[in-house]
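Chemist: Next up is a structure, given as structure tokens.
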Amino acid sequence: GAVVSQHPSRVICKSGTSVKIECRSLDFQATTMFWYRQFPKQSLMLMATSNEGSKATYEQGVEKDKFLINHASLTLSTLTVTSAHPEDSSFYICSARVGSTNSPLHFGNGTRLTVT
Amino acid sequence: TQLLEQSPQFLSIQEGENLTVYCNSSSVFSSLQWYRQEPGEGPVLLVTVVTGGEVKKLKRLTFQFGDARKDSSLHITAAQPGDTGLYLCAGAANSGGSNYKLTFGKGTLLTVNP
């Protein structure tokens, strides 16, 4: 089946630094990828929709300058958390859709970000 | 904004018991998906239901899509400790053009005690 690879799985960084998270579709091309944030024991909150070759679409309340998204190829989207603060600590998950626009999502295994 | 109300939010039961998780909305969805997530991992798709009234079975799990495509349920028979996890329902709706957006319910954290 379709595989989405997310890297790194865990990262610890100091406050004020930037962190880049990669999301790759391994055996299919993804024109659209999605970035979610998840707090412990809670559901997924959509942050932005990443579109290959164009600007990402951010959800209301998500700072685009804080969470930079780049989707330069059909198999790679990156999320950069800039000037990270402890409140940015969270579980970040990417996903991609295979096939038609109404088909289900395949998720990466997530990245646990801890900002100290 | 489309909302999916998922209940219960937390459920702790004994091995062998049955349970049902509900997802309800006032909006119509073109499809509804159920995912299961374990700690530290991404959600894994269990099933997609598309047709109103559709029932799908996956071993001890039974999924149903409401006739009006506004609600869905997940029923687990004879739950086992391996069923423990966060269950998420997600409704797909057209957000403009050919784009479909998934709306997630708040999740049901299921614990099955041996």
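Chemist: Can you give me the solvent accessible area of B:Leu109 with a 1.4 Å probe, rounded to the nearest 10 Å²?
Modeler: Number for this one is 40 Å².
Chemist: So, one more: Along the charge dipole of the protein assembly as shown, which of B:Thr48, B:Gln14, A:Ser83 sits closest to the positive end, that is, farthest toward it, with unit charges on the beta carbon of Lys, Arg, Asp and Glu (+1, +1, -1, -1)?
Modeler: Checking the options against the dipole of the protein assembly as shown, the answer is A:Ser83.
Chemist: Please name which of B:Ala92, B:His75, B:Phe63 has its Cα lying farthest along the dipole of chain B towards the positive end, using unit charges on Cβ (Lys, Arg +1; Asp, Glu -1) and the Cα centre as origin.
Modeler: B:Ala92
Chemist: Using protein heavy atoms only (no ligands, DNA or RNA), what is the total accessible area buried between A and B, 1.4 Å probe, nearest 100 Å²?
Modeler: By this definition, chains A and B bury close to 1700 Å².
Chemist: So what J values fall out for the range A:62-70 if you push phi through Karplus, 6.51 cos²θ - 1.76 cosθ + 1.60 with θ = phi - 60°, rounded to Hz, Gly and Pro as x?
Modeler: 3J(HN,Hα) across the range A:62-70, in whole Hz: 9, 7, 5, 7, 8, 10, 7, 10, 10.
Chemist: From largest accessible area down, sort B:Thr51, B:Thr108, A:Thr82; use a 1.4 Å probe on the protein chains.
Modeler: So, going from the largest accessible area down, we get B:Thr51, A:Thr82, B:Thr108.
Chemist: Using a 1.4 Å probe, what is the accessible area per residue for chain B, in Å²?
Modeler: 48 Å²
Chemist: If you don't mind, another one. How large are Rg and Dmax for the protein assembly as shown when only the alpha carbon atoms are used, in Å?
Modeler: Looking at the protein assembly as shown, its Cα Rg and Dmax stand at 17.7, 52 Å.
Chemist: Which whole-number percentage describes the relative contact order of the range B:1-102, with Cα contacts under 8 Å and a sequence gap of 6 or more?
Modeler: After rounding, I find 31 percent.
Chemist: Still on this structure, I have one more. Given the alpha-carbon gyration tensor of the range A:34-109, what are the semi-axes of its equivalent ellipsoid in whole angstrom, ordered largest first, with each equal to the square root of 5 times an eigenvalue?
Modeler: Whole-Å semi-axes of the equivalent ellipsoid: 20, 16, 11.
Chemist: Which residue fluctuates most in the GNM of chain B (Cα springs below 10 Å): B:Glu17, B:Glu41, B:Glu54?
Modeler: Comparing B:Glu17, B:Glu41, B:Glu54 in a Gaussian network model of chain B, the most mobile one is B:Glu41.
Chemist: Once the other residues with Cβ under 9 Å from the Cβ of B:Gln80 are scored (Lys, Arg +1; Asp, Glu -1), what is the net sum?
Modeler: Once all neighbours under 9 Å are counted, the net charge is -1.
Chemist: Could you tally the net charge around A:Ala2, taking each other residue with its Cβ under 15 Å from the Cβ of A:Ala2, Lys/Arg +1 and Asp/Glu -1?
Modeler: That sum, taken over residues with Cβ under 15 Å, equals +1.
Chemist: Follow-up question, since we're still on this one. To the nearest whole number, what is the average tally of beta carbon atoms from other chains within 10 Å of the beta carbons of peptide B:42-51?
Modeler: So the per-residue partner count for this stretch is 4.
Chemist: Moving on. Holding the Cα-Cα limit at 22 Å, pick out from A:Lys64/B:Lys101; A:Lys41/A:Lys66; A:Lys14/A:Lys66; A:Lys20/A:Lys55 the pairs that are longer than that.
Modeler: In this structure, A:Lys41/A:Lys66 lie more than 22 Å apart at Cα.
Chemist: Averaged per residue, what accessible area in Å² does chain A show with a 1.4 Å probe, protein chains only?
Modeler: Value returned for chain A: 49 Å² of accessible area per residue.
Chemist: Check cross-link reach from B:Lys57 to the lysines: straight Cα distance under 21 Å, and skip same-chain residues fewer than eight apart.
Modeler: B:Lys70
Chemist: Something else: So what J values fall out for the range B:37-44 if you push phi through Karplus, 6.51 cos²θ - 1.76 cosθ + 1.60 with θ = phi - 60°, rounded to Hz, Gly and Pro as x?
Modeler: 10, 9, x, x, 10, x, x, 10
Chemist: Which whole-number percentage describes the relative contact order of chain A, with Cα contacts under 8 Å and a sequence gap of 6 or more?
Modeler: 36 percent.
Chemist: Have a look at B:Ser12, B:Ser31, B:Ser73 and tell me which one the Gaussian network model of chain B (Cα, springs below 10 Å) gives the largest fluctuation.
Modeler: Result for chain B, Cα springs under 10 Å: B:Ser12 fluctuates most.
Chemist: How do B:Glu38, A:Glu63 rank by accessible surface area computed with a 1.4 Å probe, from largest to smallest?
Modeler: Ranking B:Glu38, A:Glu63 by accessible area, largest first, yields A:Glu63, B:Glu38.
Chemist: Give, rounded to the nearest 20 debye, the magnitude of the charge dipole that chain B has about its Cα centre when Lys and Arg contribute +1 at Cβ and Asp and Glu contribute -1 at Cβ.
Modeler: I would put it at about 280 debye.
Chemist: In the neighborhood of B:Ser12, defined by Cβ-to-Cβ distances under 14 Å, what is the net charge if each Lys or Arg adds +1 and each Asp or Glu adds -1?
Modeler: Summing Lys/Arg as +1 and Asp/Glu as -1 gives -2.
Chemist: Continuing with the same structure: Under a point-charge model restricted to the Cβ atoms of Lys and Arg (+1) and Asp and Glu (-1), what is the dipole moment magnitude of the protein assembly as shown relative to its Cα centre, in debye to the nearest 20?
Modeler: That gives the protein assembly as shown a dipole magnitude of about 220 debye.
Chemist: Read phi for every residue in the range B:76-84 and hand back ³J(HN,Hα) as whole Hz from Karplus 6.51 cos²θ - 1.76 cosθ + 1.60, θ = phi - 60°, with x for Gly and Pro.
Modeler: 10, 9, 6, 4, 10, x, x, 7, 4
The values are calculated or read from the model by the stated rules, or taken from the named source; none is laboratory data. All figures in this text were calculated on a predicted structure; none of them were measured in a lab. Positions of Cβ are backbone-derived with ideal geometry, glycine not excepted, and every protein chain shown enters the neighbour counts. For accessibility, only protein heavy atoms count, side chains too; no ligands or nucleic acids. Shrake-Rupley method; radii C 1.70, N 1.55, O 1.52, S 1.80 Å.
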